[in-house]
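I have placed the structure first, in the form of structure tokens, so that the comments after it can refer back to it.
The values are calculated or read from the model by the stated rules, or taken from the named source; none is laboratory data. Just so we're clear, the structure is a prediction, and the values are computed from it rather than from any experiment. Counting neighbours? That spans all protein chains shown, and the Cβs are built from the backbone with ideal geometry, glycine included. Accessible surface areas use protein heavy atoms only, side chains included; no ligands, DNA or RNA. Shrake-Rupley method; radii C 1.70, N 1.55, O 1.52, S 1.80 Å.
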Amino acid sequence: NFYSPYADDLLFASLVKGPKAKYLGWSMPRAEYFGGPWRDAFRGHWGTLRFFGPTFWSDFGFLQPAGRWTGEGTRELRSGVGKLLIGSERELSPVVLLYSYASLVTASGAGAWEARHGGAAMFEASAESRAVLEQLLLGEGIAPGYQTDAQVAGGGLKGKRLLIIPRQTGVALSSATTRAIEQFVRDGGTVLADLAPALCDEHGKPQPRAALDALFGVHAASESIVHAPHEYGAGVLAKDALVPQGEWLIDEWYDQRLRVSDGRAAGQHVADGAPAFIVKQTGRGRALLLNTLLHSVLPRQGVPGPEQRALIRTLLETAGIEPLVRVISQDGVPAAHCEVNRLHDGANTYVGFYAHAEPEADAA
């Protein structure tokens, strides 16, 4: 629970080779007992762990509803068509989310010892931003994989097209990792960061200049985080291939002191004019710094809003990334309520569809 946030199954599915199981809580809605195991199997898990307490088995000697649902909801995964998924390998899109343990510790610790980082609320907001980034990709039919900072430094980005650096797992990076990221962009890759990547070194020590400032064309080392009202205050005001002009995002958390050097701000925070959506080309690739954390429509659940989906679709299109499988709604537009994964077992290919919401349901 310290090396990785609780129940971070996409991260585990990327970094753990071989059998892995997902823990499911002891009290959940009925739909989760039936849908959750399939979602996790599609994401590469081989089993599920349950807490068998009084929620499952009554003191009077009979199964509770949750106990029956556990058996019924996993039957086909234990002995049926679903069992074919066990041991299959999940196919990944050319999209990488960066995971740095040093960053996770630094982001958590910063909230405890430095008030200007917003305290614990800032860490929770950065975790929410990473969850939104995950769901944005999954909702577009993209299957992202995590790489550690060491994997990136060792050449793990070869053949990839998009690297995403969340604040929570990308604030403290080594010089070897940042050099590899810079080379990735020079070779034609695209990088997206929500807020202040590589502000510290791999030991969590703040740097005179953030190690990726030159890549994003900014000065971020004098960071001053604003905790603004929960409003749509960050607007994309200028045209650029990486951002959808005219869209407005919630800007509750951003760096008020961020300065643009040789990058270009395609937008701003209207409250104080701080730059937002900073873009810069380096070599054959491009970098985009949002200078805002992404917020969930439903707090702490990672549910994206339509303006965020417009942002990620623009970015994916520019980076030349196609979904593994495209899901189209009845009116002909891409459906955002369904997660798609593709798995391989030798010559066999399986496609898993998991609807995490009703197609017409109001996300709020």
Residue in the range 56-72 that is surrounded by fewer than 17 Cβ atoms within 10 Å (Cβ to Cβ), of a type in the set (S, T, N, Q) and at pLDDT below 85 present | yes
Checking Tyr23 against (1) open to solvent by less than 60 Å² (accessible area, probe 1.4 Å); (2) farther than 21 Å from Val95 by Cβ; (3) touching a Leu at 6+ places or on another chain (Cβ under 8 Å); (4) in contact (Cβ under 8 Å) with a residue 24 or more places away in the chain, the condition it does not meet = (1)
Can you tell me which residue among Ala221, Ala271, Ala265 is touching a strand residue (DSSP E or B) at 6+ places or on another chain (Cβ under 6 Å), open to solvent by 20 Å² or more (accessible area, probe 1.4 Å), farther than 19 Å from Arg130 by Cα and modelled with pLDDT under 95?
-> Ala271
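Conditions (1) farther than 26 Å from Ala150 by Cα; (2) touching a helix residue (DSSP H, G or I) at 6+ places or on another chain (Cβ under 9 Å), marked per residue:
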site	(1), (2)
Ala41	yes, yes
Phe60	yes, no
Gly80	yes, no
Leu85	yes, yes
Glu89	no, no
Tyr99	no, yes
Could you please let me know if Gln245 is polar (S, T, N, Q) and either farther than 19 Å from Arg167 by Cβ or in contact with a His (Cβ under 6 Å, 6 or more places away or on another chain) (or both)?
-> yes
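For (1) free of Cβ contacts under 8 Å to residues at least 12 places away in the same chain; (2) of a type in the set (Ser, Thr, Tyr); (3) under 24 Å from Arg179 (Cα atoms), each residue gets a yes or a no:
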{"residue": "Asp251", "(1), (2), (3)": "no, no, no"}
{"residue": "Arg257", "(1), (2), (3)": "no, no, no"}
{"residue": "Gly263", "(1), (2), (3)": "no, no, yes"}
{"residue": "Val270", "(1), (2), (3)": "no, no, no"}
{"residue": "Val279", "(1), (2), (3)": "no, no, yes"}
{"residue": "Arg284", "(1), (2), (3)": "no, no, yes"}
{"residue": "Ala287", "(1), (2), (3)": "no, no, yes"}
{"residue": "Leu290", "(1), (2), (3)": "no, no, yes"}
{"residue": "Ser296", "(1), (2), (3)": "no, yes, no"}
Name, by its number, the condition in (1) more than 25 Å from Pro166 (Cβ to Cβ); (2) open to solvent by less than 20 Å² (accessible area, probe 1.4 Å); (3) modelled with pLDDT of 85 or more that does not hold for Leu77.
-> (2)
Which pairs have Cβ atoms under 8 Å, sit 6 or more apart or on different chains, and link a residue in the range 193-204 that is hydrophobic (A, V, I, L, M, F, W, C) to one that is in a loop (DSSP other than H, G, I, E, B) and open to solvent by 10 Å² or more (accessible area, probe 1.4 Å)?
-> Ala198/Gln207; Ala198/Ala211; Leu199/Gln207; Leu199/Ala221; Cys200/Gln207
Quick one: which residue in Ala102, Ala125, Ala110 is open to solvent by less than 30 Å² (accessible area, probe 1.4 Å), modelled with pLDDT under 85 and either part of a helix (DSSP H, G or I) or more than 30 Å from Pro166 (Cβ to Cβ) (or both)?
-> Ala110
If you check Val132, Val96, Val152, which single one turns out to be of a type in the set (Val, Ile, Thr), touching a Pro at 6+ places or on another chain (Cβ under 6 Å) and either at pLDDT 90 or above or closer than 30 Å to Ala355 by Cα (or both)?
-> Val132
In the range 197-218, residues that are open to solvent by less than 10 Å² (accessible area, probe 1.4 Å), small (Gly, Ala, Ser) and either closer than 28 Å to Ala310 by Cα or not in a loop (DSSP other than H, G, I, E, B) (or both) total 2
Does any residue in the range 340-357 that is in contact (Cβ under 8 Å) with a residue 60 or more places away in the chain come within less than 9 Å, Cβ to Cβ, of a residue that is basic (Lys, Arg) and open to solvent by 70 Å² or more (accessible area, probe 1.4 Å) six or more places away or on a different chain, and which pairs are these?
-> Val340/Arg326
In the range 26-45, the residues that are crowded, with 18+ Cβ neighbours inside 10 Å, among the small types (Gly, Ala, Ser) and part of a loop (DSSP other than H, G, I, E, B) = Gly44
Could you count how many residues in the range 145-159 are crowded, with 20+ Cβ neighbours inside 10 Å and part of a loop (DSSP other than H, G, I, E, B)?
-> 1
